[in-house]
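A quick write-up on the structure given underneath.
The values are calculated or read from the model by the stated rules, or taken from the named source; none is laboratory data. In this text the structure is predicted, and so the values were computed from the model without any measurement. Note that each Cβ is placed from the backbone with ideal geometry, even for glycine, and that neighbours are counted across all protein chains shown. Quick note on the areas: whole protein, heavy atoms, side chains included, nothing else; ligands and nucleic acids left out. Shrake-Rupley method; radii C 1.70, N 1.55, O 1.52, S 1.80 Å.
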Amino acid sequence: MGAPPQAAGQPPSGYPPQGYPPQQPPAYGQQPAYGQAPPAYGQAPPGYGQPAPQWGAPSPYVQPAPMRPPRPHGYKHQKRLIASILLLVGAVLLIVSVSTPFWSYTETGGGITVTQQFYPGSEWKETCSGSGCPIGTITCTYSSSGGGCPALTNTGNLYGGVYGLIVGAIVLGFIAGILSLMGALAISFGRIQMLLIWLLILVAFALAIAGPMWALGGQPGALTSDYSSSACTGTSPCNSFFGSSCPSGSPSGTSCNWGAGIGWYMAIAGFALLLVGFFFLFITRRDPFTLQEILAAQSAGMLSPTGAATGAVAPAAAWGAAPAAAPAPAYGAQPAYAAPAAAPAAAPAAGGAPGPAPNCAKCGRPTEWVSQYSRWYCRADNLYA
């Protein structure tokens, strides 16, 4: 006999096999392990019938932030590069100034030469050369006596202050030089970087000139306070920073001279380089500085090979900002009728202005027509109308 007929929608007889325990169906998308039972007959897999994601729903994919625009290849602003070198060299000269004598006194007579040298900081030196010298070179401290060294407390206070001023100028000069070098290579964090450079340089060269000027004007009075009145009679270091006459009471045949040392002149030279570096930066204040300004000027053809602007540069849009799109019309709406545009006016003759010159919106002065760019230009403000 044949097998009994099966009812519609019923699984065939003998399935699943007798003694075969039914298993839980695997998760959606997961293949059943070898030897496991498949899903029950007629049972939908998990997840079947779930609503599909709605159109426009947020995707789990996160769009990366826009990348920083690349630095212009080979861009170097020559004047800013020169200013950076001047600032760094000026700071190096200031380092030399605090490492070399700021002032020296030399007395020669009787076959020996005695030299006293004052340094910024806390020490000074005395050197004796010749056949009759009891000592060679000794290093003394301004604030203490002993070992053949007199205490020069007031002079030490002066040169301690000079040292602090010049060290401050060195630190600020180096920071300004590095920031200026970054700007010359189109590496900047905004226009505030240029303002910070100017501020640092102004303070640096004020400190750099204050040090040698303080020594020039304050040392004679400090020596007068440190030495006895008998040692400061007549022409002597107690009443002048420079001189060449021996104090009264010196043996006959003795020659004396005193004045600024190499360190004092190095401080003046460092101040001069900081000042010239500031001048070079000041004359480039209208040139593009930020990366966006440089890219905008290059794309408009308004940047010379040396990095200087050849005209006004409009501020660039934020990098990565999407252009504003016009709203789409409602579905089924007919577009509004637009009248045909009027024919463009005839171009002016070569070299001729299209009409009367408008006044500058900033200063009110009349502008002039630049035929090369077909724009009105104000020379007073260096701006295109």
Report summary line: Sole miss for ALA176 among (1) more than 17 Å from ILE95 (Cα to Cα); (2) at pLDDT 90 or above; (3) small (Gly, Ala, Ser) is condition (1)
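Between SER236, SER248, which is outside any helix (DSSP H, G or I), among the small types (Gly, Ala, Ser) and open to solvent by 60 Å² or more (accessible area, probe 1.4 Å)? Can you show your working first?
Details: SER236 fails: open to solvent by 60 Å² or more (accessible area, probe 1.4 Å).
Of SER236, SER248, the one residue that is outside any helix (DSSP H, G or I), among the small types (Gly, Ala, Ser) and open to solvent by 60 Å² or more (accessible area, probe 1.4 Å) is SER248.
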Report summary line: If we ask which residues in the range 204-238 are small (Gly, Ala, Ser), touching a Phe, Trp or Tyr at 6+ places or on another chain (Cβ under 8 Å) and more than 11 Å from LEU158 (Cα to Cα), their number turns out to be 1
Report task. Check THR153 against each of (1) β-branched (Val, Ile, Thr); (2) modelled with pLDDT of 95 or more; (3) over 17 Å from GLY263 (Cβ atoms) and name the one condition it does not meet. Result -> (2)
**Report entry** Failed criterion for PHE279 (all others in (1) among the aromatic types (Phe, Trp, Tyr); (2) crowded, with 18+ Cβ neighbours inside 10 Å; (3) out of contact with any helix residue (DSSP H, G or I) (no Cβ under 6 Å at 6 or more places or on another chain) hold)
**Finding:** (2)
Query raised in the report: Of the residues SER240, SER236, which is more than 30 Å from ILE170 (Cβ to Cβ) and free of Cβ contacts under 8 Å to residues at least 40 places away in the same chain?
Result: SER236
Report task. Mind listing just one residue for me: the one in the range 210-230 that is in contact with a Leu (Cβ under 9 Å, 6 or more places away or on another chain) and aliphatic (A, V, I, L, M) and, of those, most open to solvent (accessible area, probe 1.4 Å)? Result -> ALA210
Report task. Restricting attention to the range 95-130, report how many residues are farther than 19 Å from GLY160 by Cβ and of a type in the set (Gly, Ala, Ser). Result -> 5
Query raised in the report: polar (S, T, N, Q) and assigned to a loop (DSSP other than H, G, I, E, B) - does that describe any residue in the range 192-211?
Result: no
Report summary line: Checked the range 109-149 for anything open to solvent by less than 50 Å² (accessible area, probe 1.4 Å) and part of a loop (DSSP other than H, G, I, E, B); matches are TYR119, PRO120, GLY121, CYS133, GLY136, TYR142
Report task. Check the range 336-355 and report whether any residue there is within 30 Å of ASP287 (Cβ to Cβ) and modelled with pLDDT of 60 or more. Result -> yes
